[in-house]
1. Rg/Rh for segment B:6-98 to two decimals, with Rh computed the Kirkwood way over all alpha-carbon pairs.
2. Using only alpha carbon pairs under 8 Å that are at least six residues apart, calculate the relative contact order of chain A and give it in whole percent.
3. Using all C-alpha to C-alpha distances in the protein assembly as shown, build P(r) with 5 Å bins and read off the rounded percent in each one.
4. Could you state the number of Å between the C-alpha centres of segment A:50-112 and segment B:84-98?
5. Using only the alpha carbons of segment A:18-79, what is the convex hull's orientation-averaged projected area in square nanometres?
6. Is there a simple number for the mean count of other chain Cβ atoms within 10 Å of the Cβ of residues in B:65-73, and what is it?
7. Is the shape of chain A rounded, prolate or oblate, going by the alpha carbon gyration tensor and its root eigenvalues a ≥ b ≥ c, with a/c under 1.5 for rounded and a/b larger than b/c for prolate?
8. Given segment B:62-110, what whole percent of its Cα pairs are spread farther than 17 Å?
Amino acid sequence: EVHLVESGGGLVQPGGSLRLSCSASGFIFSNYWMHWVRQAPGKGLVWVSRITGDGRSTKNADSVEGRFTVSRDNAKNTLYLEMNGLRVEDTAMYYCASDVGWGQGTLVTVSS
Amino acid sequence: QSALTQPASMSGSPGQSITISCTGTSSDVGAYDYVSWFQQHPGKAPKLLILDVSKRPSGVSDRFSGSKSGNTASLTISGLQTEDEADYYCASHSTSGACLFGGGTHLTVF
């Protein structure tokens, strides 16, 4: 059974940093592109970032370009999202996602 | 990176069929057969219903089907059930390498 478990969310001040992790199991992790998707409270889904299975290619949404970095460790079956320069508008539930499933999300709150 | 266009809300009665549209451009929906559909119930994580325009993952009811014509993709739900009341989102890869989501459609089953 596919399991994706996010961690690392929390409360951070504007301008601060966080590193999200997503631990994967139940499928061949390195075979799949992985995505980060966020959802602000009461709002729709917004794509944030993606990385290819081998980790060689990444792409960010314009809204996070230059501030967020996606990476993966296929030996550890783990996906990461390094978030710097956080803004109030980055407040959201962050999900890791793939074609085989989604995690339950980790909440990031940016507030002073 | 503009969002794909979905109707904000739709409604139907149990047993009916409904079709939710997802309109993009020739740079996203029209460019590839990489359109996915997701269902999200309140307070829950999204669930993948359809990938690659029309493929259903294992365990997804065959009442859900997907199609595409030009720059518009569609999700059809047949034999509506009360548990189908949820938010539905489409997503597509784009030629820029980014991915896009639709704004979401809230489906009411009454």
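Only the coordinates and a few stated rules stand behind these numbers; no lab work does. Bear in mind that the values here come from a model prediction, so they are computed numbers and not experimental data. Virtual Cβ from ideal backbone geometry, glycine too; neighbours counted across all protein chains shown.
1. Numbers: Rg = 13.0 Å, Rh = 13.5 Å.
Result for segment B:6-98 is an Rg/Rh of 0.96.
2. On the way: 278 pairs, mean separation 41.7, N = 112.
Dividing the mean separation by the residue count of chain A yields 37 percent.
3. In whole percents, the pair-distance histogram is 1, 7, 15, 18, 20, 17, 12, 6, 3, 1, 0.
4. Going from one Cα centre to the other spans 17 Å.
5. On the way: hull surface 19.5 nm².
For segment A:18-79, the mean projected area of the Cα convex hull comes to 4.9 nm².
6. Values: counts 0, 0, 0, 0, 0, 0, 0, 0, 0.
Taking all residues of B:65-73 together, the mean is 0.
7. prolate
8. Numbers: 528 of 1176 pairs.
Taking all Cα-Cα pairs of segment B:62-110, the fraction more than 17 Å apart is 45 percent.
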